[in-house]
Amino acid sequence: MAQVLIVDDDHQLRMSFERLLAAEGFETRTASSGEAGIAAVREALPDVVIMDVRMPGLSGLEAYAAMREIEPRLPVIIMTAYGTTDIAIEATKMGAFDYILKPFDIPDILKLLDKAVTAGRSMRNRVAVGAEADAAATEAIVGRSPSMQELYKAIGRVAPTDATVLIRGESGTGKELVARAVYQHSLRADKPFLVINCVAIPETLLESELFGYEKGAFTGAASRKVGKIEQANHGTVFLDEIGDMPLSIQAKLLRLLQEQNVERLGGRQVIPVDVRIIAATNRDLEAAVRDGLFREDLYYRLKVVTLALPPLRERPDDIPLLARYFLASHARDMGQTDPGLSPEALALLGARPWPGNVRELSNTLKKALIFNRGAPLGPDEVQKAAGEPLREGAVAGESLDEAVARFVRQELTSGREGVFEELMDHFGLRIIREALEATGGNRTQAARLLGLSRPTLIAKIEKYGLRIAARVQSGQG
């Protein structure tokens with residue numbers, strides 16, 4: 001559960017925040033002054049701080065500066081009245097995560113909180129690499145194959161430099177973990193690390209998200225907004241799925257890499273910035289350059305150092321190691337005892353092609369653990385969790401629609417009751433799970449990807465989870 005510290009001298013606002021955030025599943029603490037807020041951060045580090053600018057005693061800026069001394073990677077959201085936006089912008093330039101204007105909309109503050117919690121944990125949760133990666137590690141890059149050993153060496157060599165890094169690999173190979181490992185072993189590890197997914201943000205918003213905008217730059221731009229590049233000054237920006245970045249924005253990114261400055265939308269001021277860029281893609285960038293979809297000059301600027309992640313099918317000897325790690329990790333997160341894997345289950349895992357790579361293997365073991373009754377996982381449990389019915393009798397060249405139709409027909413002839421609800425839950429849960437995986441568990445971003453409101457997404461998660469739990473308890477699997 002994410003913990004939020006609310007720092008504001010307005011008692012009513014603090015109480016309103018506590019009720020709102022408790023209903024959204026956050027754990028909250030409050031402080032009535034900057035001094036009390038600093039003491040609260042020293043006592044127990046929260047996931048994120050929401051703090052007013054104007055308070056008796058220490059101002060929000062002074063309190064933020066002190067909090068930054070305690071933990072420079074702590075995300076702090078500044079609250080400000082419209083007339084004090086310049087102060088809030090100054091706080092953002094100092095490294096505050098963002099600011100929000102009073103009075104604010106509840107969906108806006110919830111969305112910002114989700115982003116801040118995700119960003120803070122990305123910075124502070126250490127990614128174990130190679131020999132460090134044991135079952136106790138919260139997040140780890142696991143593998144002993146020669147290709148992974150080369151990757152570990154490359155991370156160690158490039159991390160202490162300021163070189164731009166391009167991470168390449170298929171979906172699910174762990175590109176963001178590698179980016180975070182590079183950041184955490186760099187000389188900028190105590191500075192901001194911001195993640196921008198170039199696919200999850202619509203093209204119309206991506207430019208303003210990256211580079212910010214001036215008041216009046218477009219309809220609805222009521223005040224100046226600092227972009228993520230400027231916000232991450234002296235830190236690191238990870239541009240995920242950069243192969244999908246629109247050409248119109250690629251030119252501005254090229255300028256950033258060449259000249260280390262940006263211009264906000266609607267502005268003429270050239271703003272110097274010092275950021276390290278790490279980018280990742282599963283696209284064939286060389287083909288995109290040939291097709292005119294990716295700038296050649298940007299391509300060469302990005303590939304100063306390239307880290308290549310091998311697909312799981314090219315390192316099958318790592319599968320048992322990964323499987324044991326994921327099972328132990330998921331069991332710990334669920335408060336369960338690690339049941340272990342039978343030799344037959346390990347053999348089955350090793351024989352699968354894993355088109356979804358490490359992410360698919362992790363999800364399969366997590367699902368198997370959810371339905372497990374305590375005994376070591378055997379081949380039947382693993383095969384069921386891997387979604388094997390979709391693959392039975394596969395026809396060469398069969399489309400996704402045809403495969404799904406065949407699977408549905410098989411289920412309809414099973415003779416079980418409630419097949420419709422089971423199928424709806426099966427596909428609904430799978431869609432939601434993939435959206436959450438794609439956004440690192442951020443429910444707000446996942447809701448946006450799915451075209452749902454955040455409350456609707458949460459309701460569906462609870463609905464599917466309850467139904468599946470009920471079927472397990474009743475012995476229907």
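The values are calculated or read from the model by the stated rules, or taken from the named source; none is laboratory data. Small disclaimer: the values here were computed from a predicted structure and weren't measured. Counting neighbours? That spans all protein chains shown, and the Cβs are built from the backbone with ideal geometry, glycine included.
The figures follow:
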{"quantity": "Residue match in region 416-423 (condition: acidic (D, E), surrounded by 12 or more Cβ atoms within 10 Å (Cβ to Cβ) and either at pLDDT below 65 or in contact with a strand residue (DSSP E or B) (Cβ under 8 Å, 6 or more places away or on another chain) (or both))", "calculated": "no"}
{"quantity": "Unique match (being touching a residue at least 40 places away in the same chain (Cβ under 8 Å) and not assigned by TED's automatic domain parsing to the domain that holds I167) among R295, R301, R324, R264", "calculated": "R324"}
{"quantity": "Total residues in region 103-126, condition within 30 Å of S186 (Cα to Cα) and among the aliphatic types (A, V, I, L, M)", "calculated": "6"}
{"quantity": "Region 153-169, subset surrounded by fewer than 19 Cβ atoms within 10 Å (Cβ to Cβ) and not hydrophobic (A, V, I, L, M, F, W, C), residue nearest to V305 (Cα to Cα)", "calculated": "T164"}
{"quantity": "Residue that is farthest from E18 (Cα to Cα), among those in region 103-113 that are of a type in the set (A, V, I, L, M, F, W, C) and either in contact with a helix residue (DSSP H, G or I) (Cβ under 7 Å, 6 or more places away or on another chain) or outside any helix (DSSP H, G or I) (or both)", "calculated": "F104"}
{"quantity": "Residue count for region 262-282, restricted to those that are of a type outside the set (A, V, I, L, M) and surrounded by fewer than 15 Cβ atoms within 10 Å (Cβ to Cβ)", "calculated": "4"}
{"quantity": "Subset tally (residues that are surrounded by 22 or more Cβ atoms within 10 Å (Cβ to Cβ) and in contact with an Asp or Glu (Cβ under 7 Å, 6 or more places away or on another chain)) for region 52-91", "calculated": "5"}
{"quantity": "Hey, V275 touching a Gly at 6+ places or on another chain (Cβ under 7 Å), among the hydrophobic types (A, V, I, L, M, F, W, C) and touching a residue at least 12 places away in the same chain (Cβ under 8 Å) or not", "calculated": "yes"}
{"quantity": "Residue list for region 330-374, filter: farther than 17 Å from L436 by Cβ and small (G, A, S)", "calculated": "A331, G335, G340, S342, A345, A347, G350, A351, A368, G374"}
{"quantity": "Hits in region 7-21 (condition: surrounded by 13 or more Cβ atoms within 10 Å (Cβ to Cβ) and either closer than 16 Å to G37 by Cα or of a type in the set (D, E) (or both))", "calculated": "V7, D8, D9, D10, L13, R14, F17, E18"}
{"quantity": "Selection from region 224-245 of residues that are closer than 14 Å to T92 by Cα and in contact with a strand residue (DSSP E or B) (Cβ under 8 Å, 6 or more places away or on another chain)", "calculated": "R224, K225, V226, G227, K228, I229, E230, Q231, A232, G235"}
{"quantity": "Pair list, Cβ < 6 Å and 6+ apart or interchain, from region 172-197 residues that are at positive phi to residues that are small (G, A, S)", "calculated": "G172/G356"}
{"quantity": "Failed item in (1) over 23 Å from P379 (Cα atoms); (2) more than 24 Å from the chain's Cα centre (by Cα), with R315 passing the rest", "calculated": "(1)"}
{"quantity": "Residue within region 327-334 that is loosely packed, with under 14 Cβ neighbours inside 10 Å and either closer than 27 Å to K252 by Cβ or free of Cβ contacts under 8 Å to residues at least 40 places away in the same chain (or both) present", "calculated": "yes"}
{"quantity": "Hey, D105 surrounded by fewer than 22 Cβ atoms within 10 Å (Cβ to Cβ) and either in contact with a Ser or Thr (Cβ under 9 Å, 6 or more places away or on another chain) or closer than 30 Å to L177 by Cα (or both) or not", "calculated": "no"}
{"quantity": "Of the criteria (1) over 25 Å from N442 (Cα atoms); (2) in contact with a strand residue (DSSP E or B) (Cβ under 7 Å, 6 or more places away or on another chain), which one H11 fails", "calculated": "(2)"}
